[in-house]
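One structure below.
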Amino acid sequence: MEKVGVIYILTNPSFPEYVKIGYADDVDRRLKELNRSECIPFAFRLFAFYEVSNRLSDKKIHEMIDRLNPNLRSIDDFEGKKRVREFYAMDAEEAYSLLEAIAEINGLKDNLHRVAPSKKEIEADEIADSVRAEAFKFSMCNLKEGDELEFINDSSIKCYVKNEKKVIYKDEEYSLTALAKLLLGVNYSIAGPHYFKYKGEKLCNLRERLVK
């Protein structure tokens, strides 16, 4: 069987509760494209892939998963528009089981491959776990009351540090996560410090730099 591409499962320690599932002719190139972004603190990595003989559209793959469980897909509203992503609320093992079932049905289990994490990826996972384990406080970034923060997607949107865990935005008090969800128009789990910057540096990066 001639293999032309793969269905991939990608993970990212920035949001361990989600996996990214899609199709690519060249998964290494796809990874490089995704990891060019500076808006995500950790890189995507390949967890597993299933080799296929026909080019597939992401839409076909996602329709299949949505038929199995329509509640897994990451869907949100931004500026009144519905955004449907190729992220799914499942862990990597659950996603692997899905591809495993497809491989078994087609009698092509040898086409399914799990990828062992590199030492660098394991270290990144450990850093992400330790960061999540300790609740964010502004003092970790040497920030004080009144310091100005900017929203990562729009520098004209500003908020101000109120205390260790709260900011002021348009005279209202928010946690960073609550404000990020409001500005992004999402209701799924995110980490607020990834979406704000101080003097051009994202808070998650500033925190990591200062605790080293």
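The values are calculated or read from the model by the stated rules, or taken from the named source; none is laboratory data. None of the values given here were measured: they were computed from a predicted structure. In this analysis, Cβ positions are derived from the backbone assuming ideal geometry, glycine residues included, and neighbour counts consider all displayed protein chains.
Picking from residues in the stretch 154-197 that are more than 21 Å from N142 (Cβ to Cβ) and acidic (D, E), the one that is farthest from the chain's Cα centre (by Cα) is D171. In the stretch 131-180, of all residues being more than 25 Å from P16 (Cβ to Cβ) and among the hydroxyl-bearing types (S, T, Y), the one that is surrounded by the most Cβ atoms within 10 Å (Cβ to Cβ) corresponds to Y169.
Of the strands (runs of 3 or more DSSP E) contained entirely in the stretch 91-175, those carrying at least 3 residues that are in contact with a Phe, Trp or Tyr (Cβ under 7 Å, 6 or more places away or on another chain) fall at 112-114, 148-151, 154-161, 166-169.
Rundown of residues vs (1) closer than 21 Å to G200 by Cβ; (2) touching a residue at least 40 places away in the same chain (Cβ under 8 Å), yes/no style:
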position	(1), (2)
V115	no, yes
A124	no, yes
C141	yes, yes
E148	yes, yes
V161	yes, no
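Screening D125, D110, D91 for residues that are over 27 Å from L183 (Cβ atoms), modelled with pLDDT of 90 or more, of a type outside the set (A, V, I, L, M, F, W, C) and in the same structural domain as V27 (by TED's automatic domain parsing) leaves exactly one candidate, D110. Checked against the criterion of being farther than 17 Å from H113 by Cβ and at pLDDT below 80, the candidates K81, K3 yield just one match: K81.
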